Amino acid sequence: MTSLNSMNIHFKEITLADLPVVLNLFKSAAERIAKKNIDHWQYWKNPPEKKVAWVKEGISNHEFFFILGNVNERIGMVRILEEDLMYWGEKNDKSKYIHSFVISEAHNGKGLGSKVLQLIESEAKESHYEYLRLDCDAKNEGLCKYYESQGFTKVGEKIVPLSTNNLYEKSLREY
């Protein structure tokens, strides 16, 4: 078994041919969340066409990535955006936005989420981004606490048709 410290995590861009795998990752995550009696992402069990179109758009915009471990083992996926108008509106700073962050059930609870966030943060700092931002369904208290434990600060809320989301950001500025 590979230890967490020796796990070499990297990203591989997702293509439209991977859409069924992406939708399955969302569905599996929704089922795992439902087992915890949390009403978050449940629409991914049978996604509406609008959500599928949102994923296709992100893939076409080169924003979706598989998270790969050693020997290119798929451990999850993430969407990384340059802007997030739907949740954050127009911003004048240089920020990275994280969405659709899923660690597969086989790899859940092993600290890999933290390692992925650190990798995204490191790459954003190297490219002189000011903030790392994400949102989280306010009803998923455990996930909200997790992001706070990773150094993110709640800076607002956004109500969208299917949920109320907490907005989190982490400053990447060197003082």
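The values are calculated or read from the model by the stated rules, or taken from the named source; none is laboratory data. All of these numbers come straight from a predicted model, not from anything done at the bench. Methodologically, a virtual Cβ is constructed for each residue, glycine included, from the backbone with ideal geometry; neighbour enumeration extends over all protein chains shown.
Determine, yes or no, whether residue 2 is more than 15 Å from the chain's Cα centre (by Cα), modelled with pLDDT under 95 and more than 15 Å from residue 99 (Cβ to Cβ). Can you show your working first?
Details: more than 15 Å from the chain's Cα centre (by Cα): yes; modelled with pLDDT under 95: yes; more than 15 Å from residue 99 (Cβ to Cβ): yes.
Taking the combined requirement at face value, the residue satisfies it.
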Worksheet item: Of the residues that sit in the range 149-167 and are over 20 Å from residue 39 (Cα atoms) and touching a residue at least 12 places away in the same chain (Cβ under 8 Å), which one is farthest from the chain's Cα centre (by Cα)?
Response: 155
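What residue, of 175, 129, 147, 87, is of a type in the set (Ser, Thr, Tyr), at pLDDT 95 or above and more than 18 Å from residue 11 (Cβ to Cβ)? Break it down stepwise before answering.
On the way: 175 fails: at pLDDT 95 or above; 129 fails: more than 18 Å from residue 11 (Cβ to Cβ); 87 fails: at pLDDT 95 or above.
Going through 175, 129, 147, 87 in turn, the sole match is 147.
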Discussion item. Pairs needed: first member in the range 105-120, more than 18 Å from residue 64 (Cβ to Cβ) and in contact (Cβ under 8 Å) with a residue 40 or more places away in the chain; second member anywhere, in a helix (DSSP H, G or I) and hydroxyl-bearing (Ser, Thr, Tyr); C-beta distance under 9 Å; at least 6 residues apart or different chains.
Written reply: 105/28
Discussion item. So if I check each of 104, 95, 100, which one is farther than 27 Å from residue 23 by Cβ, within 15 Å of the chain's Cα centre (by Cα), surrounded by 15 or more Cβ atoms within 10 Å (Cβ to Cβ) and among the polar types (S, T, N, Q)?
Written reply: 95
Worksheet, complete the sentence: Note on the range 40-72: residues surrounded by 14 or more Cβ atoms within 10 Å (Cβ to Cβ) and outside any helix (DSSP H, G or I) are 40, 41, 47, 63, 64, 65, 66, 67, 68, 69
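From 98, 9, grab the single residue that is out of contact with any Ser or Thr (no Cβ under 8 Å at 6 or more places or on another chain) and under 22 Å from residue 135 (Cβ atoms).
Numbers: 9 fails: under 22 Å from residue 135 (Cβ atoms).
After ruling out the rest, the residue left standing is 98.
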Response to the item:
(1) farther than 21 Å from residue 89 by Cβ; (2) in contact with a strand residue (DSSP E or B) (Cβ under 7 Å, 6 or more places away or on another chain); (3) free of Cβ contacts under 8 Å to residues at least 60 places away in the same chain all hold for residue 143 apart from (3)
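Working carefully through the options 49, 57, 82, 63, find the one that is touching a Phe, Trp or Tyr at 6+ places or on another chain (Cβ under 8 Å) and free of Cβ contacts under 8 Å to residues at least 40 places away in the same chain.
Numbers: 49 fails: touching a Phe, Trp or Tyr at 6+ places or on another chain (Cβ under 8 Å); 57 fails: touching a Phe, Trp or Tyr at 6+ places or on another chain (Cβ under 8 Å); 63 fails: touching a Phe, Trp or Tyr at 6+ places or on another chain (Cβ under 8 Å).
Testing whether each residue is touching a Phe, Trp or Tyr at 6+ places or on another chain (Cβ under 8 Å) and free of Cβ contacts under 8 Å to residues at least 40 places away in the same chain leaves just 82.
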